[in-house]
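What follows is calculated from the coordinates using simple rules that are stated; it is not laboratory data. Just so it is clear, the model here is predicted, and its values are computed rather than measured. Cβ placement follows ideal geometry from the backbone for every residue including glycine, while neighbour counts extend to all protein chains displayed.
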Amino acid sequence: MIAMAQLLVRGLPEAVVAALRRRAAKHGRSAEAEHREILREALIRRRGPSLKDHLLAMPDAGEDADFAVARDVARRVDL
């Protein structure tokens, strides 16, 4: 059996407790289960899409030449 830690939160405003109860009811959970889920979502990061995935999902916006910047000819500098 895995030992589970307990967390007691004191001094919460009644409005926060009421909102937790409403949210729990909306999700069909107890307030305690909803509290656990909120903490898990906030603190345990899920791996999301990588930067590569985001870039590959971008629509094709044209050819590289379409974005070329006209540059002046460099001047000669004697060092």
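Rounded to the nearest 20 debye, the dipole magnitude of the chain is 680 debye, with +1 charges on Lys and Arg beta carbons, -1 on Asp and Glu beta carbons, and the Cα centre as origin. Here the spin labels are modelled as points 7 Å beyond Cα on the Cα-Cβ line, and at L8 and K52 they lie 5.0 nm apart. Counting only DSSP H runs of at least 4 residues, each contributing -39500 (n - 2.57), and dividing by the residue count of the chain, the helix-based mean residue ellipticity at 222 nm comes to -13000 deg cm²/dmol. Cβ crowding within 10 Å ranks E37, E14 as E14, E37, fewest other Cβ atoms first.
Scan the chain and report its longest stretch carrying no trypsin sites (Lys or Arg not before Pro) that are both in a DSSP loop and have at most 13 other Cβ atoms within 10 Å. No qualifying site falls inside 11-44, the longest such stretch.
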